[in-house]
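**Q** What follows is a single structure, and I will ask about it in a moment.
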Amino acid sequence: MTDEYCIWTRLRWQPIASTLASTIASALALTIASTANSSAAEAATNSAQYLPTITVTASRTPVDVNETASAISILSKAEIQQRNASSIADLLRELPGFAVSQQGARGAVTQVRVRGAEANQVLVLIDGVEANDVAQGSEFNFAHLSVDRIERIEVVRGPQSALWGSDALAGVINVITIPDGRTDNHHRLTVNTELGAFNSRAIGATYQLKDHHYQFSLGLDHYQTDGTNIARQGTEDDGYENTTFALNGNYLPVEELQLGFSYRQTRSSAAFDDIDYAVTGLPVDADVSTDSIQTYSRVSANFDMLEGRLSQSLSFSRTDSDNTNLAAQTSTDSSRGTRDRIALQTDLYLDQQTLTLIAEHETEDYSQRGSASFLGDPNKDLTTRNRALAGEYRLNIEDLELSLSARQEDNSEFQDAFTWRTTAAWHSSDATTLFTSLGEANKNPTFTERFGFFDSFRGNPQLKPERARSWELGLRQRFDLRGILVSASWFRSTLKDEINGFDYDSTANVFTASNNLTESARQGIEIDLNWQVTDNLKLRGSYSYLDAKEDTQSPDPQDEIRRPRHHFAINGNYAWQRSNLNVAVIHTGAQLDDFFPPEPPYQVRVNLKGYTLLNIAASHDFNSQFQLNFRLDNALAEDYEEVFGFRAPGRAARLGLSISL
């Protein structure tokens, strides 16, 4: 949709903005200085970098990244620890094709867009559980997902509905917290604590136990901060509190059978500023907050037969999100959404072929409570059921990999939907892979789009699903002698029936949702660079160019909001002995946004300037048990906004200690 609903109602009308960026010359100078006396890595050393990397997201079965025809970015556990990021959003900012919008300080609503798509057109998985929030516009709020104990993040860009369903119209972000099981037998207790700017403090503990037949992990984290004043006016700081409990494990009673479970619950409370609808249309200090509880759980069983050639898995997962808005500590409105899914998957492995069949049944329940007004009664209880049959066929012929996937959905509220995708990857040499893909994806309207929310928004039950047809051409090129791996993609996606979530109805003086009558188009180029300069120094860089237009058949099509045309990031990591230094420069270019003034025309498009962030992280291992870590965010003290009228925090430092027993 053109401008999807924000996670909390009182923040819905806040557009995204950025202020003038600082130069990155100083950061580049640091990089040049680090590499001036470095020679190219030896081929023998670099060969380890190109050992097969397996992805579990680009296909419904594990596959070598180089054999896929999708644009993929993977952040390993080591890279995540080296960056010592404050949030998942800070990690995703460095990847190509991403646009992150955080509405103020830590804990504020954080949306992520991929390749110009809306935030609710990107599927987020946490340990195999679909985490998109049914109660909040079917998008995922990255504000509450802690970085602690994440083993791996996989990002697959491009339409993935044929494999993963409606929410994967533009891509999949897969967050994995369960260890891969390749570590030695052990048991370990880790305790960490941290102090930082804005009176922030954190404490956490993790216990891990692993044997030949089982793996078990238990974690508890608490974070609290006084926050900063995020409104342009006023002096009130907006605080945030987060407590996360996580539990997961695997058990192998016999070699052919694996049983697994995961449970994760996050309780958070975030203060935020209200909107002065009457005078300025901008944020103003207010005693308002949102209390949220997000719970993700899953149980699974995997059974292998015929010496591993036939594999069957059965899983049940549940997502439960409960959000309550408070004014002066008194409940004003609330929403809750649950998603229950049962899935059966069968995989058949032949010599050069893989066939996967999937059957899924999903139920989504949505409830909303609030005070009735002249706009209507917001209290409602709604249910949607969806059944799906999907299949994937992969064929490997010498230097050519082909795939075809398709999905048929039977939804209780919409017409049957058929999505598909076909891909090809050709290895023209050991160092060069060309790939291409073509497919169609869909996105069902959300509960709030169809039946309304609070304040001045009225739903439209006649909405049709959005449909996208996309293609992609890509290249992966490896330069062994210099330790360089380059990935590049050129893509285009045409979206039909795009949902405009801010269609103003002048007769009723309310906003509503409607399907656009003309097509929207998103096209661009993405480049991802990995360079192992020396044994100690590694550089990772990305660049994205995006041209996202709405209403392309009009004489003067407009750029989609909150999508910068240019975005790039450079990350340098230098490790020596027991110490590590990580420096990241992230630039977000100019973009457009919407501002909602209190007088007609009630919706004005504004131009926003770009900004540049410099983040520095360092750590030192005193021994195998004690580690000291440090992080400096926004080291250049950039004064910027990512949401119109809401100021981002300034320079912020934090210091932490980790103890392993």
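**Q** Do any residues in the stretch 290-317 that are touching a residue at least 40 places away in the same chain (Cβ under 8 Å) have Cβ atoms under 7 Å from those of residues that are in a strand (DSSP E or B) and exposed (fewer than 13 other Cβ atoms within 10 Å of the Cβ), where the two are at least six apart or on different chains, and which pairs are they?
**A** 303/257
**Q** Next up: For the stretch 390-403, does any single residue satisfy the condition of being assigned to a strand (DSSP E or B), touching a residue at least 24 places away in the same chain (Cβ under 8 Å) and in contact with a Gly (Cβ under 8 Å, 6 or more places away or on another chain)?
**A** no
**Q** I'm trying to understand the selection: among the residues of the stretch 507-520, which are surrounded by fewer than 20 Cβ atoms within 10 Å (Cβ to Cβ), of a type in the set (A, V, I, L, M, F, W, C) and outside any loop (DSSP other than H, G, I, E, B)?
**A** 510
**Q** Quick one: residue 562 ticks every box in (1) surrounded by 21 or more Cβ atoms within 10 Å (Cβ to Cβ); (2) in a strand (DSSP E or B); (3) among the charged types (D, E, K, R) bar one, so which box is it?
**A** Of (1) surrounded by 21 or more Cβ atoms within 10 Å (Cβ to Cβ); (2) in a strand (DSSP E or B); (3) among the charged types (D, E, K, R), only one is false for residue 562: (2).
**Q** Of the residues that make up the stretch 178-188, is at least one in contact with a Leu (Cβ under 8 Å, 6 or more places away or on another chain) and at pLDDT 95 or above?
**A** For the stretch 178-188, residues in contact with a Leu (Cβ under 8 Å, 6 or more places away or on another chain) and at pLDDT 95 or above: absent.
**Q** To continue, here is another question. State which residue is modelled with the lowest pLDDT when the search covers only the stretch 308-340 and only residues that are touching a Phe, Trp or Tyr at 6+ places or on another chain (Cβ under 7 Å) and among the charged types (D, E, K, R).
**A** So the residue we want is 333.
**Q** A further question on this structure: For the stretch 632-659, name all the residues that are in a loop (DSSP other than H, G, I, E, B) and touching a Ser or Thr at 6+ places or on another chain (Cβ under 8 Å).
**A** Within the stretch 632-659, 636, 638, 639, 640, 649, 650 qualify.
**Q** Still on this structure: Name the residue that is farthest from residue 221 (Cα to Cα), counting only residues in the stretch 631-652 that are of a type in the set (A, V, I, L, M, F, W, C) and surrounded by 14 or more Cβ atoms within 10 Å (Cβ to Cβ).
**A** 644
**Q** Looking at 345, 294, which one is closer than 24 Å to residue 643 by Cβ and touching a strand residue (DSSP E or B) at 6+ places or on another chain (Cβ under 8 Å)? First the steps, then the outcome.
**A** On the way: 345 fails: closer than 24 Å to residue 643 by Cβ.
Going through 345, 294 in turn, the sole match is 294.
**Q** Could you pull out the residue among 400, 389, 404 that is surrounded by fewer than 15 Cβ atoms within 10 Å (Cβ to Cβ), farther than 25 Å from residue 291 by Cα and under 27 Å from the mean Cα position of the chain (by Cα)?
**A** Sole residue among the options that is surrounded by fewer than 15 Cβ atoms within 10 Å (Cβ to Cβ), farther than 25 Å from residue 291 by Cα and under 27 Å from the mean Cα position of the chain (by Cα): 389.
**Q** It is to be established whether one or more residues within the stretch 468-489 are outside any strand (DSSP E or B), crowded, with 18+ Cβ neighbours inside 10 Å, modelled with pLDDT under 95 and touching a Pro at 6+ places or on another chain (Cβ under 9 Å).
**A** no
**Q** Could you tell me whether the stretch 412-420 includes any residue that is in a strand (DSSP E or B), farther than 26 Å from residue 538 by Cβ and within 24 Å of the chain's Cα centre (by Cα)? Break it down into steps so the answer makes sense when it comes.
**A** Our first condition is that a residue be in a strand (DSSP E or B); within the stretch 412-420, this holds for 417-420.
Now restrict to residues that are farther than 26 Å from residue 538 by Cβ: 417-420.
After this cut, where a residue has to be within 24 Å of the chain's Cα centre (by Cα) as well, the list is 419-420.
Yes: the stretch 412-420 contains one or more residues that are in a strand (DSSP E or B), farther than 26 Å from residue 538 by Cβ and within 24 Å of the chain's Cα centre (by Cα).
**Q** Kindly evaluate residue 629 against the criterion of being modelled with pLDDT of 95 or more, at negative phi and not aromatic (Phe, Trp, Tyr).
**A** So residue 629 passes the test.
**Q** For the subset of the stretch 341-375 comprising residues that are surrounded by 15 or more Cβ atoms within 10 Å (Cβ to Cβ) and charged (D, E, K, R), which member is modelled with the lowest pLDDT?
**A** 369
**Q** Got a sec? Which strands (runs of 3 or more DSSP E) wholly within the stretch 99-201 have at least 1 residues that are in contact (Cβ under 8 Å) with a residue 24 or more places away in the chain, among the small types (Gly, Ala, Ser) and surrounded by 24 or more Cβ atoms within 10 Å (Cβ to Cβ)?
**A** 171-176
**Q** In addition: Need pairs with beta-carbon distance below 6 Å; first residue under 11 Å from residue 593 (Cα atoms) and within the stretch 548-566, second aliphatic (A, V, I, L, M) and modelled with pLDDT under 90; sequence gap 6+ or separate chains.
**A** 559/592; 561/592; 562/16
The values are calculated or read from the model by the stated rules, or taken from the named source; none is laboratory data. The shown structure was predicted, so the numbers you read here are calculated from the model rather than taken from an experiment. Positions of Cβ are backbone-derived with ideal geometry, glycine not excepted, and every protein chain shown enters the neighbour counts.
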